[in-house]
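Asker: Please find one structure pasted underneath; my questions will follow.
The values are calculated or read from the model by the stated rules, or taken from the named source; none is laboratory data. Note that the structure is a prediction, hence the values are computed from the model and not measured. Note: ideal-geometry Cβ built from the backbone for every residue, glycine included; neighbour counts use all protein chains shown.
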Amino acid sequence: MHNDKDINNMSQNHPELVVKDLSGFVDSKIIRRVLKFRGINKWLRVRRLLIQLKTVWLLKMKSLEVEAAEAKREDNFKKYHRLRGEIKGVASSRQQVRCLCQSPRDVDFPTNYRDFGSVCVLPDLPELPGKRIFLKYDKKKGKG
């Protein structure tokens, strides 16, 4: 049996969920206005679009695989190797975005933006990170 109140089982990616959570304490119109003007709506939308982009990239990779197989059958190895390189580049980008989208939900955001650190995903993010890279990273930093 799973706990519906567990952070990983709760719905996300929609400002109205925040409005619903806070509407008993603050007027809904004020909450919506704050979410909009603080840019939270934008980033919830961007997160959803990034998730969709992973699917677009997956379809692109499959299309390139078909093209590469055809080029190989035709002995056009210049085109074949170019396509294989393109597939590798798309796969790397897709995996890094996938890693970000699957990062843990229960993170604390620093109250002082200067404490956020440098603007990078992780200092040692591999080219093809696994699903649990953030968990491993947090353990290395003594947070897990």
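Asker: Taking the criterion of being at pLDDT 90 or above, more than 20 Å from Val90 (Cα to Cα) and either surrounded by fewer than 14 Cβ atoms within 10 Å (Cβ to Cβ) or under 17 Å from the mean Cα position of the chain (by Cα) (or both), would at least one residue in the stretch 45-67 satisfy it?
Answerer: Yes: the stretch 45-67 contains one or more residues that are at pLDDT 90 or above, more than 20 Å from Val90 (Cα to Cα) and either surrounded by fewer than 14 Cβ atoms within 10 Å (Cβ to Cβ) or under 17 Å from the mean Cα position of the chain (by Cα) (or both).
Listed here are the residues, each with its yes/no results for (1) at pLDDT 70 or above; (2) out of contact with any Asp or Glu (no Cβ under 8 Å at 6 or more places or on another chain); (3) assigned to a loop (DSSP other than H, G, I, E, B); (4) exposed (fewer than 10 other Cβ atoms within 10 Å of the Cβ).
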residue: Val90; (1), (2), (3), (4): yes, yes, no, no
residue: Ser93; (1), (2), (3), (4): yes, yes, no, no
residue: Val97; (1), (2), (3), (4): yes, yes, no, no
residue: Thr111; (1), (2), (3), (4): yes, yes, yes, yes
residue: Asp115; (1), (2), (3), (4): no, yes, no, yes
residue: Val119; (1), (2), (3), (4): no, yes, yes, yes
residue: Leu122; (1), (2), (3), (4): no, yes, yes, no
residue: Leu125; (1), (2), (3), (4): no, yes, yes, no
residue: Pro129; (1), (2), (3), (4): yes, yes, yes, no
